[in-house]
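Below is one structure, written out as structure tokens; the observations come after it.
The values are calculated or read from the model by the stated rules, or taken from the named source; none is laboratory data. What you are looking at is a predicted structure, and each value in this text was computed from that prediction instead of being measured. All Cβ positions, glycine included, derive from the backbone under ideal geometry; neighbour counts span all protein chains shown.
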Amino acid sequence: MPIRVKTILVFMMSFLFRNTQAQSEFQLGVYADQTRSVTCISGVAGAEFDQILWAYVPKDLALSYITIRFRFPDNIDFSRRPTFNDQVSLVVYTDYVADTVEWNMVFNGCPTGWVKVFSQRCVMLDDQPSTIEILGPNSLTRDCTFFILNDVVVLNELSINDAECTTVPSATQSWGAIKSNFR
């Protein structure tokens, strides 16, 4: 086979492989809203917000198990227990060094597409900047199709009181205080 044809075949195979990989990636993101658009919030001590973990699960693989390693900042606390997806049948929490915690969840039914894994109400203990992080190298999924472990792509972190934040949680503010922000 001539070198030029081999080069074209190698190029085409690498292009097809990349496209297949892009469609088969598990993705994780932590947000402060149901529409997966708010990744930056601000507020004062006592303000509450929801952290919501979303996973994108490729339709050809489906989700049977997920391990997520988090780093939660010291200046937030949880005001309620997490509410898990109805298909989560088992949750195991493990504390690790360096202020990280791992959540392991087993799913029934093999969901696909955008899956709301859990939501949890949090409270800000002060107004200092911080971040809720998903540690990608320590987070994995197991698919339903091949039942193998898959790496995840971390889409974002949830920034709290970052200088770039413009969203103010209204859970602890009166309507008058909210209106005064717009005068």
Extreme residue, surrounded by the most Cβ atoms within 10 Å (Cβ to Cβ), among residues of the stretch 45-99 that are among the acidic types (Asp, Glu) and over 18 Å from Leu135 (Cα atoms): Asp50
Total residues in the stretch 86-106, condition without any contact (Cβ under 8 Å) to a residue 12 or more places away in the chain and of a type in the set (Asp, Glu): 2
Residues located in the stretch 67-94, provided they are more than 25 Å from Ala45 (Cβ to Cβ) and either in contact with a Lys or Arg (Cβ under 9 Å, 6 or more places away or on another chain) or not in a loop (DSSP other than H, G, I, E, B) (or both): Thr67, Ile68, Arg69, Phe84, Asn85, Val88, Ser89, Leu90, Val91, Val92, Tyr93, Thr94
Residue within the stretch 133-146 that is at pLDDT 95 or above, in contact with a strand residue (DSSP E or B) (Cβ under 8 Å, 6 or more places away or on another chain) and surrounded by fewer than 12 Cβ atoms within 10 Å (Cβ to Cβ) present: no
Number of the exception - Phe118 against (1) aromatic (Phe, Trp, Tyr); (2) farther than 17 Å from Arg69 by Cα; (3) at pLDDT 95 or above: (2)
Identity of the residue in the stretch 147-163, in a loop (DSSP other than H, G, I, E, B) and either under 18 Å from Asn75 (Cβ atoms) or in contact with a Pro (Cβ under 9 Å, 6 or more places away or on another chain) (or both), that ends up modelled with the lowest pLDDT: Ala163
Leading residue by the ranking (farthest from Val30 (Cα to Cα)) among those in the stretch 51-66 that are among the hydrophobic types (A, V, I, L, M, F, W, C) and part of a strand (DSSP E or B): Leu63
Near pairs, Cβ below 6 angstrom, 6+ apart or cross-chain, from the stretch 71-85 (more than 22 Å from Val97 (Cα to Cα)) to any residue that is aliphatic (A, V, I, L, M): Ser79/Val123; Asn85/Val117
Number of the exception - Phe11 against (1) over 23 Å from Ala163 (Cβ atoms); (2) modelled with pLDDT of 95 or more: (2)
